[in-house]
1. Taking a ≥ b ≥ c as the square roots of the eigenvalues of the Cα gyration tensor of the chain, is the shape rounded (a/c under 1.5), prolate (a/b larger than b/c) or oblate?
2. Using Cα springs under 10 Å in a Gaussian network model of the chain, which residue among Asp79, Asp202, Asp71 shows the largest mean-square fluctuation?
3. Report the gain in length on full extension from Gln155 to Asn284: 0.36 nm times residue separation, minus Cα-Cα distance, nm rounded to one decimal.
4. Quick one: compute the contact order of the chain, relative version, from alpha carbon pairs under 8 angstrom and 6+ residues apart, as a percent.
5. Out of region 201-233, which trypsin sites (Lys or Arg not before Pro) are coil in DSSP terms and have no more than 10 other C-beta atoms within 10 Å?
6. Could you give each residue of region 138-155 its phi-based ³J(HN,Hα) in whole Hz, using Karplus coefficients 6.51, -1.76, 1.60 with θ = phi - 60°, and x for Gly or Pro?
7. Please compare each pair in Lys167/Lys192; Lys60/Lys282; Lys129/Lys281; Lys33/Lys60; Lys82/Lys129; Lys90/Lys156 to a cut-off of 27 Å on the Cα-Cα distance and tell me which ones are over it.
8. For Thr184 and Lys126, what does the FRET efficiency come to when R0 = 22 Å and r is the distance between their Cβ atoms, rounded to the nearest 0.05?
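Every read-out reported here was derived from the displayed coordinates using simple, explicitly stated rules and does not represent laboratory data. Since the model is a prediction, treat every value here as computed from it, not as a measurement. Please note: Cβ atoms are built from the backbone with ideal geometry, for glycine as well, and neighbour counts cover all protein chains shown.
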Amino acid sequence: MSHRIGRARWVFDRTSWTPTLEELSLALSSVQKIEKDRIMNYEYFKDAIASLSGRLLMRKFVSDATGLKWDDFLLSREDRFKPFYANDAKIQFNVSHHGNLTVLAGETGGTQIGIDVMEMKYTGGKPLKEFFRLMSRQLTSQEWEAVEYSSLESQKEKTFFRIWALKEAYVKATGVGLNLPFNTVDFRFRSKLDQVGSYVEDTEVYFKGIKQDDWRFQEVLLNENLCVCVAIHCPPDQLNLYPALPFQTVSFQDMIQNCRPIIPADEDGCKRMLDKYQRDKKMN
Ligand SMILES: CC(C)(COP(=O)(O)OP(=O)(O)OC[C@H]1O[C@@H](n2cnc3c(N)ncnc32)[C@H](O)[C@@H]1OP(=O)(O)O)[C@@H](O)C(=O)NCCC(=O)NCCS
């Protein structure tokens, strides 16, 4: 492979793919065994494909960025399970899934990176007020003010989930996962996020009341109700090396184009997964 890529913002929509035994078999044998075993354990096809597509995007990014063949490297997980490429700390990536979508952000300049894709709509069964009451400790008082600013419930939901995506992207960049209480970081908006496809990059983050200048948040709406936030963390004088990049749609065929099996094919396992696909399709 001659042409190496330096950056990526990719989105895969699982509904764009009709699974075939052949493609599924190649994909499942092109991820590490520990990941394949985890993927096979999902009860629902949508969860399995979300995770599988995330693994494929990560491997594609590392292969495209290093020029290494698909089967010439391994990915590891940090203590809190963030996947990473141990052989070159400059190569950083993160994936997120929600609904039908899997997204990846990748960079090769060594910045810490986290990504979250989020539907800006409350879909739980409780009244919104009750949901907010249960979440009260997750946001700071300034963030709740921003949520409550609008009298419209739909707008409150949008603001809440925008903040939530920022927090997830932040914790995912650091890799600390559930270890960091969500209300220790305080997000303050300077711009509305209401134009599909236009990035907002001026949201600020405060930690214990002090503005953090070594973070940048790139927020974009993929559609009216779906936002993605990419968190970039590096010395302030390097932030400009990572300008916002439009998301590029990747098909299943793109993801597996340069795949090479790294574990044996498992025809029975693939058939079981396809059975889940057919069963879940009938249920929906
Ligand atoms: C790890 C965590 C950040 C994942 O967030 P999520 O919104 O549930 O899931 P996403 O789809 O965005 O991301 C999942 C992917 O992130 C990656 N990931 C896993 N652990 C990670 C970590 N500690 N840091 C960064 N990325 C991580 C993985 O690739 C994972 O997919 P995989 O396991 O299938 O490979 C989340 O579990 C967490 O710890 N959140 C902290 C805050 C919190 O309380 N969240 C509640 C959300 S309702």
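1. oblate
2. Maximum fluctuation in the GNM of the chain, among the listed residues, is at Asp79.
3. 43.6 nm
4. Reported relative contact order: 26 percent.
5. In loop regions of region 201-233 (DSSP not H, G, I, E or B), the sparsely surrounded trypsin sites (Lys or Arg not before Pro) are Lys208.
6. 7, 10, 7, 5, 5, 5, 5, 4, 5, 5, 7, 4, 8, 8, 7, 4, 4, 6
7. Lys60/Lys282; Lys129/Lys281; Lys82/Lys129; Lys90/Lys156
8. Calculated value: 0.30.
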